[in-house]
Amino acid sequence: MTRDPLVDEAWRPATPPARLRELAADPALARIAASRIGLPADLAEELALRAEAGGPAWTAVARALAAQPATAPERLALLAAHPDEGVRRAAAVHRATPGAAVEALATDPSDAVRRALAAREELPRAVAAVLVADGCADVRLTVARRVGARPEELDALAGDPDPRVRRVLSALGRSSSADLTDPDPRVRRTAVERRGHRDLAPRLTALAGDPDPVVRELVAARWRNHDPAALARLAADPEPRVRAAAAGNWYTPVTVLTALADDPDRGVLAALGDNLLAPPAALDRLVDTLAGLAAADAAADREPDPDEREERRRLVHTVLDHPATPSGSLRRLHALELTPYFHQGNALSQPNWPADLLIGFALGYCAGTVEEGEERASFERIEAAAGTEPPEQVLAAMVASPVYHLQCAVANRHVPPGALAEFARAVDPAPTGSHLDDLARNPAAPQELLLGWAAECVRCSAMMENPGLPVPVLAAIAGCPDDDHAAEARDLLEVRSLRAAARRERTKPC
C-alpha cells in the first residue's frame with residue numbers, strides 16, 4: 001500500500017506551522033493538523049474558521065478541534081452548538097468548554113451527547129442534577145459510574161428503574177438494604193458480594209432461600225456467613241455450586257460436613273477437602289469414595305476419562321494434603337496404589353502419615369542420593385534402626401539427622417514433642433525455614449514453641465494450617481499486627497466455640 005507523503009508530512013512533529021497552514025487547505029489534511037498535540041492556538045482558531053465556512057466536508061475538522069487542547073473556550077462554546085452530534089459530544093467532555101455551554105448540553109437532543117457530558121471529569125452540580133433525572137438510562141448509568149459523583153447525586157438515583165444503575169449503587173454502598181431484595185438477581189448478587197457476615201446476619205434466613213442460585217452460593221461463603229443453621233440449609237441446596245460453597249465454609253456444622261462427604265458431586269467433595277476445618281470423619285468418607293471409584297473401575301475393567309481422572313487427582317491430593325486426614329485413612333488410601341497421584345517426597349511434609357509408612361517413604365526417597373561421610377553414616381544407622389527400634393525413636397533420629405530430607409519428619413505428628421523442640425532450638429532457621437514451617441503445622445508441636453513464634457508474629461501462616469493449634473496460641477495470633485492472620489485466628493476461635501456448644505447440645509441428657 002502506497003503512503004501519501006502529504007499525510008506523513010501533516011503528522012510529522014517537525015512540520016512548521018506555516019507549512020501546516022498550507023497543507024490545511026485540504027480538509028483531510030486539516031483534520032490531521034487539528035488533531036496534533038502542541039497545535040498553536042492561532043492556527044487552531046484559523047482551522048475553526050475554515051471548518052465553519054467549509055460545510056460538511058470540514059465536519060471531521062470541527063470534531064478534532066472540539067477535542068483539541070489549544071481550542072479557545074469561546075470557540076468551544078460555538079462547537080457545543082454545532083449541528084453534528086460528534087462535534088457536540090467532543091465539546092461536552094472538553095475541560096475548557098464554558099459553563100453556560102455545558103449547561104445547555106444537559107438538554108441536548110442526543111443521548112450520546114448527554115452521556116458524554118455525564119462522564120465529564122468536572123461536572124457542575126446544576127448539570128448533574130438535570131442528568132440524574134434524564135430519560136435515558138445510559139445517561140443516568142454514566143452519572144452513577146462517574147468517579148467524582150457526589151453523594152446527593154447517587155442518592156437521587158436510588159430506586160432507579162434501570163437495574164444497571166441500581167447495581168452500581170449497590171456496589172458503591174448507596175442502597176441501604178433495599179438491594180438485598182431487589183427484583184433483579186444481578187443487583188442482589190452485587191449486594192451480597194460487597195457485604196460481610198455481620199451485615200448479612202439478620203437476613204441470612206431469607207437469602208438462603210433466594211430464588212437465584214448465585215445469590216445462595218455467595219451467601220454460603222465463609223466471609224459472609226457464620227450461621228450454622230443457615231449453612232445447614234444451604235448444604236442441602238439442590239444446586240451443587242451452593243452445596244460446594246457450604247462445604248468449604250468453616251462454620252458449617254461438623255455433622256453437616258460429614259454428611260456432605262457422601263455428596264454425588266465431585267465439586268462438592270473437592271470443596272469439602274479444601275476446607276481446613278473439615279472433620280476427620282468427613283475426610284475418612286472421602287477415602288471411602290475414592291476406594292469405591294477404584295473398585296468400580298476394576299470391576300468394569302475401565303480407565304476413567306480425562307475429566308474424571310482430573311477430578312480424582314484433585315480429590316486425592318486434597319485428602320493427602322489435608323492436615324486432619326486420619327492416619328488410618330491415609331494408610332487405606334496408600335493401599336489403593338493410586339500411583340499417579342502419590343509422591344514419597346510430598347508425603348514427607350504431610351503430618352498424619354502412619355510412622356512406619358513415613359519412615360519407609362523417607363528411606364526410599366533418600367536412597368541413592370545421600371552423600372558419603374556423616375550423612376551416609378546417619379542414613380545407615382536410621383535404616384538399621386527402622387527394623388528394630390520403635391517408630392517414634394526412629395522418627396526422632398530422622399529429625400536429628402544431617403540429611404535434609406530425613407529432617408522432613410518434623411512435619412509428622414508421631415515425632416516425640418521433645419525431639420521437635422530440640423530441632424527448633426538447634427537448627428539454623430535460614431536454610432531450614434521450610435522445615436520450621438512444617439513443624440509449625442504439626443499438631444504435635446510443643447505449645448511453648450508455638451507461643452514463642454506467635455509472640456514474635458512469625459510462622460503465623462503455617463501455624464494457621466495446624467488443626468491442633470492450642471487455644472492460647474490462637475489467642476496470641478489473634479492479637480498479631482497482621483490483620484489477615486489475626487482475623488483468621490478469631491474466626492477459628494469462634495468456630496471452636498460453636499462446635500463445642502454443638503457437642504454439648506448433642507450430648508445433653510434428654
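The values are calculated or read from the model by the stated rules, or taken from the named source; none is laboratory data. Quantities reported herein were computed from a predicted structural model and do not represent experimental measurements. Cβ coordinates were reconstructed from backbone atoms using ideal geometry, including for glycine residues, and neighbour counts include every protein chain displayed. With ligands, DNA and RNA removed, areas are computed over all heavy atoms of the protein, side chains included. Shrake-Rupley method; radii C 1.70, N 1.55, O 1.52, S 1.80 Å.
Contact map, the stretch 374-401: first residue without any contact (Cβ under 8 Å) to a residue 24 or more places away in the chain, second residue of a type in the set (S, T, N, Q) and open to solvent by 30 Å² or more (accessible area, probe 1.4 Å), Cβ cut-off under 9 Å, separation 6 or more or different chains; pairs are A385/Q393. Please determine whether any residue of the stretch 241-252 is in a helix (DSSP H, G or I), polar (S, T, N, Q) and more than 20 Å from the chain's Cα centre (by Cα). Checked the stretch 241-252: no residue is in a helix (DSSP H, G or I), polar (S, T, N, Q) and more than 20 Å from the chain's Cα centre (by Cα).
Within the stretch 376-387, does at least one residue satisfy the condition of being among the polar types (S, T, N, Q), in a helix (DSSP H, G or I), open to solvent by less than 40 Å² (accessible area, probe 1.4 Å) and closer than 22 Å to A426 by Cβ? Yes: the stretch 376-387 contains one or more residues that are among the polar types (S, T, N, Q), in a helix (DSSP H, G or I), open to solvent by less than 40 Å² (accessible area, probe 1.4 Å) and closer than 22 Å to A426 by Cβ. With respect to the conditions (1) out of contact with any Phe, Trp or Tyr (no Cβ under 9 Å at 6 or more places or on another chain); (2) open to solvent by 50 Å² or more (accessible area, probe 1.4 Å), E494 falls short on a single one, namely (1).
Filtering the stretch 195-216 to residues that are outside any helix (DSSP H, G or I), under 23 Å from the mean Cα position of the chain (by Cα) and surrounded by 15 or more Cβ atoms within 10 Å (Cβ to Cβ) leaves R195, A208, D212. Among the residues of the stretch 13-21, are any within 49 Å of the chain's Cα centre (by Cα), in a helix (DSSP H, G or I) and either exposed (fewer than 14 other Cβ atoms within 10 Å of the Cβ) or at pLDDT 95 or above (or both)? No: zero hits. Within the option set A444, A454, A486, being farther than 30 Å from A367 by Cβ and in contact with a Gly (Cβ under 8 Å, 6 or more places away or on another chain) holds for one residue only, A486. Scoring A347 on the criteria (1) open to solvent by 10 Å² or more (accessible area, probe 1.4 Å); (2) touching a Phe, Trp or Tyr at 6+ places or on another chain (Cβ under 7 Å); (3) closer than 25 Å to A440 by Cβ leaves a single failure, condition (1).
Here is a list: E488, E505. Which entry is within 28 Å of T255 (Cβ to Cβ) and either within 27 Å of the chain's Cα centre (by Cα) or part of a loop (DSSP other than H, G, I, E, B) (or both)? Quick ask: steps written out before the conclusion?
Working: E505 fails: either within 27 Å of the chain's Cα centre (by Cα) or part of a loop (DSSP other than H, G, I, E, B) (or both).
Going through E488, E505 in turn, just one is within 28 Å of T255 (Cβ to Cβ) and either within 27 Å of the chain's Cα centre (by Cα) or part of a loop (DSSP other than H, G, I, E, B) (or both): E488.
Applying the set (1) within 31 Å of the chain's Cα centre (by Cα); (2) buried (at least 20 other Cβ atoms within 10 Å of the Cβ); (3) more than 22 Å from Y251 (Cβ to Cβ) to L420 leaves exactly one unmet item: (1). Scanning the stretch 456-473 for residues that are over 25 Å from the mean Cα position of the chain (by Cα) and under 15 Å from A445 (Cα atoms) turns up G468, L469, P470, V471, P472, V473.
Residues in the stretch 451-469 that are over 18 Å from C408 (Cα atoms) and open to solvent by less than 20 Å² (accessible area, probe 1.4 Å): A454, C460, M464, L469. Has the stretch 52-64 got at least one residue that is modelled with pLDDT of 95 or more, more than 22 Å from A128 (Cα to Cα) and part of a loop (DSSP other than H, G, I, E, B)? Taking every residue of the stretch 52-64 in turn, none turns out to be modelled with pLDDT of 95 or more, more than 22 Å from A128 (Cα to Cα) and part of a loop (DSSP other than H, G, I, E, B). Among the residues of the stretch 333-392, those that are modelled with pLDDT of 90 or more and of a type in the set (V, I, T) comprise I359, I382, T388.
A445 meets each of the listed conditions (1) touching a residue at least 40 places away in the same chain (Cβ under 8 Å); (2) surrounded by 17 or more Cβ atoms within 10 Å (Cβ to Cβ); (3) closer than 20 Å to A409 by Cβ; (4) of a type outside the set (S, T, N, Q) apart from (1).
Which of the residues belonging to the stretch 236-265 are of a type in the set (A, V, I, L, M, F, W, C), under 18 Å from L207 (Cα atoms) and open to solvent by 10 Å² or more (accessible area, probe 1.4 Å)? Spell out the reasoning first.
From the stretch 236-265, those of a type in the set (A, V, I, L, M, F, W, C) are 236, 242, 244-247, 250, 254, 256-257, 259-261; that's our starting set.
Adding the requirement that they be under 18 Å from L207 (Cα atoms) leaves 236, 242, 244-247.
The answer is A236, A244, A245.
Screening D428 with (1) free of Cβ contacts under 8 Å to residues at least 60 places away in the same chain; (2) in contact with a helix residue (DSSP H, G or I) (Cβ under 9 Å, 6 or more places away or on another chain); (3) open to solvent by 10 Å² or more (accessible area, probe 1.4 Å) gives one miss only, at (2).
Of all residues in the stretch 161-210, count the ones that are over 24 Å from A149 (Cα atoms) and either touching a residue at least 60 places away in the same chain (Cβ under 8 Å) or basic (K, R) (or both).
Taking the stretch 161-210 and keeping what is over 24 Å from A149 (Cα atoms), we get 181, 183, 185, 196-210.
Subset that is either touching a residue at least 60 places away in the same chain (Cβ under 8 Å) or basic (K, R) (or both): 198, 203.
Total satisfying the criteria: 2.
Give the residue that is surrounded by the fewest Cβ atoms within 10 Å (Cβ to Cβ), with candidates limited to residues of the stretch 301-341 that are under 24 Å from the mean Cα position of the chain (by Cα) and more than 20 Å from A411 (Cα to Cα). Filtering the stretch 301-341 for residues that are under 24 Å from the mean Cα position of the chain (by Cα) and more than 20 Å from A411 (Cα to Cα), the one surrounded by the fewest Cβ atoms within 10 Å (Cβ to Cβ) comes out as E310.
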